[in-house]
1. Give segment 1-25 a look and list any residue that's out of contact with any Ser or Thr (no Cβ under 9 Å at 6 or more places or on another chain), over 19 Å from Tyr73 (Cβ atoms) and surrounded by 11 or more Cβ atoms within 10 Å (Cβ to Cβ), or say none.
2. If Glu70 passes every condition in (1) over 26 Å from Ser14 (Cβ atoms); (2) touching a helix residue (DSSP H, G or I) at 6+ places or on another chain (Cβ under 9 Å); (3) touching a residue at least 24 places away in the same chain (Cβ under 8 Å); (4) not aromatic (Phe, Trp, Tyr) but one, which one does it miss?
3. Go through (1) in contact with a Lys or Arg (Cβ under 8 Å, 6 or more places away or on another chain); (2) among the aliphatic types (A, V, I, L, M); (3) part of a loop (DSSP other than H, G, I, E, B) one by one and return the number of the condition Ile28 breaks.
4. Are any residues in segment 7-45 farther than 27 Å from Leu61 by Cα, over 14 Å from the mean Cα position of the chain (by Cα) and among the small types (Gly, Ala, Ser), and if so, which ones?
5. Working only within segment 34-65, note down all residues that are over 17 Å from Thr81 (Cα atoms) and either basic (Lys, Arg) or surrounded by 13 or more Cβ atoms within 10 Å (Cβ to Cβ) (or both).
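Only the coordinates and a few stated rules stand behind these numbers; no lab work does. Here the structure is a predicted model, which means the values were calculated and not measured. Cβ sites come from the backbone with ideal geometry, for glycine too, and all protein chains shown count toward neighbours.
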Amino acid sequence: MGLQKSLELETGVSGNYWKITRMNADYINNTIGVQLSLYKDKATRDANKSPMNNNDYKIVLETDSDVTREAVYTKLKDIVTKTTTEVVDGEDVVTEEKFFSDATDV
């Protein structure tokens, strides 16, 4: 399972397939560390190529059942945000949106 959502990196390179590449559960503090990696596409990931980018997130666990990949992908859709800034009438307007809200499960 993975998520499909396009992103252009600052380098100008784009990818559209996101995969959890590492999860570490901390049952004492009820958190899970997740590394989410971006690949050019699913075929690139399936060919075991290296990711273009890695992002680390910490998720608070509500129950032990939250440790499944499916549950973690669902939580990532809710917590990962993208911030954009644009100038409107000479002032910076900052917008934050849930980045994976419209991602496709692959």
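1. Leu9, Val13
2. With respect to (1) over 26 Å from Ser14 (Cβ atoms); (2) touching a helix residue (DSSP H, G or I) at 6+ places or on another chain (Cβ under 9 Å); (3) touching a residue at least 24 places away in the same chain (Cβ under 8 Å); (4) not aromatic (Phe, Trp, Tyr), Glu70 is out only on (2).
3. With respect to (1) in contact with a Lys or Arg (Cβ under 8 Å, 6 or more places away or on another chain); (2) among the aliphatic types (A, V, I, L, M); (3) part of a loop (DSSP other than H, G, I, E, B), Ile28 is out only on (1).
4. Gly12, Ser14, Ala43
5. The answer is Tyr39, Lys40, Asp41, Lys42, Thr44, Arg45, Lys49, Pro51, Met52, Leu61.
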